[in-house]
Amino acid sequence: MDFSAPYDRLTRPLVRDGGELRPASWEEALDRAAAGFRRGVEEHGPNSFGMLSCARATNEMNFMAQKFTRVVIGTNNVDSCNRTCHAPSVAGLSAAFGSGGGTSSYAEVEDTDLIVIWGGNPRFAHPIFFQHVLKGVRNGARLFVVDPRRTSTAEWADRWLGLNVGTDIPLAHAIAREILHAGLANETFIERATSGFEEYRALVEPWTLSAAEAETGVPAEAIRELAHAYARAERAQMCWTLGITEHHNATDNVRSLINLALLTGHVGRHGSGLNPLRGQNNVQGGGDMGAIPDRLAGFQDVLSAEVRSKFEDAWGRPIQDTKGKTLTQMFEAMEESELKTLYVIGENPVQSEPETHKTTSRLRNLDHLVVQDIFLTRTAELADVVLPASASWCESDGTFTNSERRVQLVRKALDPPEGARDDIEIMCDLATRLGYDWERPAAEDIWNEVRSLSPMHRGMSYARLEEHQGIQWPCYSEDELEPTFLHQRLWAQDPAERGEPAPFGIVGHSPPVDLLDEDFPFRLTTGRRLDDYNTGVQTGGFSSPLRRGELLDLSPEDAAKLGVADGEVVRVSSRRGSVLVPVSIDDSMRPGLVFMTFHFPDQVDTQLLTIDATDPIAGTAEYKAAAVNIERVSQGAEEPVSAR
Ligand SMILES: Nc1nc2c(c(=O)[nH]1)N[C@H]1C(S)=C(S)[C@@H](COP(=O)(O)OP(=O)(O)OC[C@H]3O[C@@H](n4cnc5c(=O)[nH]c(N)nc54)[C@H](O)[C@@H]3O)O[C@H]1N2
Ligand SMILES: Nc1nc2c(c(=O)[nH]1)N[C@H]1C(S)=C(S)[C@@H](COP(=O)(O)OP(=O)(O)OC[C@H]3O[C@@H](n4cnc5c(=O)[nH]c(N)nc54)[C@H](O)[C@@H]3O)O[C@H]1N2
Ligand SMILES: [Mo]
């Protein structure tokens, strides 16, 4: 794929004039962008500004984006697509262990006895990680997959548990109850390393195998089998993704899986752990760099005076002592007209946020929108200023951090197309116009600044990253490497060394917000296919022999009931909107369940159907559960319906 070909890359800045975007010089575009930010701060204060930072770009670029927000503008309103994906994993893991990273490493997935993939389809979405899973299986590990659909990943499993969407907590609680009743819990670990066990035991007690079967749709025998396999395994890896986190109670979902590891001691040891498979190539790193509203680089709490003063000394400017707005809160604040200016670097919220019509009207409500991207996205089409950027992954130097917390060096392989500029250089030019004389630093200088401020990155010089082909955090000193897994302390004999116990999460079942009824009887869940990427901006322009465009996957039973043929266009409606989409009859689907992606928004705008019910702790939307109706349409009415 000639992804970097400039033919449809953005190569000229654009500015809005009389309602239309027109080409402009870099000077004019940067002046306009900076003037809008300055006016916003002068008239409405720094908290009227928001930054969405790019989870595909380097750590160095993300560090600069949050520094721009905190230093040049003076607010903590910085966030990224982590909010739409794994923010609940970070929140859940932090609540249990005080740190939000996945606890194991890929090599340990090859060296374990049981792998559970819960609410994820890595065969499509994390193919490199899935290679490690397959090696683990070849080395003798059993594989369980928990997913409403019998996915390509599930095809490789020893056992697939096909549950009803949004019933993960009843399933996890029933597994826990079975482990307890069978006397398979790790009592020593529970006593030494956890808290809240008695309350947890009482919480899961009502979830008998038969109660769970009725609620989740998973046969009691399969629940029992997973419970016994997980508890009896010498080492076990629990891996999850968006089937767990894109729900209105996502942080609770994550806690319910962590509980299983606490019950059995499958955390803090080589080969046993808890692994959220992160989304975009550097969404882990973006958060680690402080491009989130409540943490500075290295997960240091923005509410801590001690932490703030360290950064203030380095940056020479006070840092706000309150949390900034999450991406979710920024969109709400646009509606209230509290957020007036937005700087979007490499995000496409018009097509990635739920309920498109709401997103669009909120963005239109802004005084000043600047979009910095490599393509002219639907979000960029609404901007006042569009700045053409380089593509971080192949057109700049820097580092990325993957799901196993490994920081890796990348080197510039290509020049950006003529006219496009490096993301960091653009930010420095804007900062300079806003009164900060920022010269564009080399990537390594930025990284060394990160190392000087973030203890968990301190030992990772570029030279050392090169020598070790990447290093996992934490890495506190240049002389040592830490173990490849986290929280070994929980196994220490000495209570002082063991530190804070990990609390069980006391979390109850809460079904999806968008209820099924006679008018909306089908459960729509949305997700990914192998050949396409998120909103399709980066993959839509390339041909692929496998790509069939947007489809509604439907079970053969439902297709027969509705009388629809494979390929026939149907109308899918939710309580918020409707689209026309061809049907794909698919025997991996269970009756009552339908599936769409959001990869082809220009053909079918899936986000007209989704709901913006969000997790109160993490702010993530319930993309995985909408209630819809499906109707046959008469011939000739096959234009996609769009409310754009
Ligand atoms: N090819 C490709 N790869 C990608 C991406 C892409 O767009 N295309 N995007 C990247 C990004 S940003 C991310 S975040 C990751 C996402 O990676 P994944 O999370 O693996 O991808 P999804 O397909 O969104 O969802 C995973 C599974 O959740 C299941 N699911 C739905 N509802 C529920 C539920 O209630 N409970 C359970 N247990 N499961 C449920 C779905 O059936 C689906 O198979 O992929 C990354 N990799
Ligand atoms: N219905 C439904 N909606 C979903 C989801 C779902 O499962 N279902 N999943 C959600 C998830 S997990 C995610 S992560 C979001 C994704 O949501 P977004 O991040 O908004 O979507 P992407 O298509 O990944 O957009 C990435 C943008 O970054 C630009 N870009 C790439 N590299 C660079 C760079 O180096 N510099 C700059 N400046 N720009 C760059 C690309 O051109 C593209 O426009 O979607 C969410 N929305
Ligand atoms: Mo994601």
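Read-outs: derived from the displayed coordinates by stated rules, not from any lab. Predicted, not measured: the structure shown is a model, and the values here were computed from it. Please note: Cβ atoms are built from the backbone with ideal geometry, for glycine as well, and neighbour counts cover all protein chains shown.
Going by the alpha-carbon gyration tensor, a ≥ b ≥ c the square roots of its eigenvalues, is segment 87-276 rounded (a/c under 1.5) or, if a/c is not under 1.5, prolate (a/b greater than b/c) versus oblate? Rounded.
Near the amide H of Gly273, within less than 5 Å, lie the amide hydrogens of Ala236, Gln237, Met238, all on another chain or at least 5 residues away, with H placed in the peptide plane.
Toward the positive end of the charge dipole of segment 522-642, with +1 on the Cβ of Lys and Arg and -1 on the Cβ of Asp and Glu, the farthest Cα among Pro616, Ser588, Gln603 is that of Pro616.
Among Cys54, Cys428, a tally of other beta-carbon atoms within 10 Å of each Cβ gives an order, fewest to most, of Cys428, Cys54. Here the 3J(HN,Hα) profile of segment 162-173, calculated from phi with Karplus coefficients 6.51, -1.76 and 1.60 at θ = phi - 60°, is x, 9, 5, 3, x, 10, 5, 5, x, 5, 4, 5 Hz, Gly and Pro shown as x. Using only side-chain charges placed at the Cβ, +1 for Lys and Arg and -1 for Asp and Glu, the dipole size of segment 149-192 relative to its Cα centre rounds to 160 debye. The length gained on full extension between Glu191 and Ala107, counted as 0.36 nm times the residue separation minus their Cα-Cα distance, comes to 27.3 nm. How many nm separate the modelled label positions at Leu303 and Ser452, each set 7 Å beyond the Cα in the direction of the Cβ? The answer from the label model is 3.0 nm. Here segment 407-526 is treated as an ellipsoid with the same Cα gyration tensor; its semi-axes, largest first and in whole Å, are 39, 32, 16. Which one, Ser99, Thr216, Ala185, projects farthest toward the positive side of the charge dipole computed for segment 87-276 from Cβ point charges (K/R +1, D/E -1)? Farthest along the dipole direction, towards plus: Ser99.
When peptides 70-78, 476-484 are ranked by their average number of other Cβ atoms within 10 Å per residue, the highest-first order is 70-78, 476-484. In the chain, helical runs assigned H by DSSP with n ≥ 4 each contribute -39500 (n - 2.57); averaged across all residues and rounded to the nearest 500, the mean residue ellipticity at 222 nm is -9000 deg cm²/dmol.
The phi-based Karplus calculation (6.51 cos²θ - 1.76 cosθ + 1.60; θ = phi - 60°) puts the 3J(HN,Hα) values of segment 522-537 at 9, 8, 8, 10, 10, x, 10, 10, 4, 7, 10, 10, 6, 7, x, 4 Hz, whole numbers, x for Gly and Pro. Overall, the anisotropy analysis places the chain in the oblate class: the square-rooted eigenvalues a ≥ b ≥ c of its C-alpha gyration tensor yield a/c not less than 1.5, with a/b not exceeding b/c. Put in order of Cβ neighbour count within 10 Å, fewest first, the listed residues Trp438, Trp491, Trp240 become Trp491, Trp438, Trp240. Assuming charge only on the beta carbon of Lys and Arg (+1) and of Asp and Glu (-1), the dipole of segment 522-642 about its Cα centre is about 200 debye to the nearest 20. For Glu497 and Arg575, the difference between the fully extended length at 0.36 nm per residue and the C-alpha to C-alpha distance is 22.7 nm. Taken one residue at a time, the phi angles of segment 503-513 give Karplus couplings (6.51, -1.76, 1.60, θ = phi - 60°) of x, 5, x, 8, 10, x, 6, 9, x, x, 5 Hz. Gly and Pro are set to x.
Shown for Ile128, Ile115: other C-beta atoms within 10 Å of each C-beta, ranked fewest to most, produce the order Ile128, Ile115.
A Förster distance of 56 Å, applied to the separation of the beta-carbon atoms of Glu20 and Ser94, puts the FRET efficiency at 0.75.
Per-residue extension of 0.36 nm, minus the Cα-Cα distance of Leu516 and Glu466, leaves a gain of 12.7 nm for this segment. Rounded to the nearest 20 debye, the dipole size of segment 464-558 about its Cα centre is 180 debye, using +1 on the Cβ of Lys and Arg and -1 on the Cβ of Asp and Glu.
Look at the dipole of the chain built from charges on Cβ: of Trp240, Asn47, Ser543, the Cα furthest out on the positive end belongs to Trp240. Close amide H partners of Trp118, meaning residues 5 or more places away or on another chain with modelled amide H under 5 Å apart, are Val146, Cys239, Trp240, Thr241.
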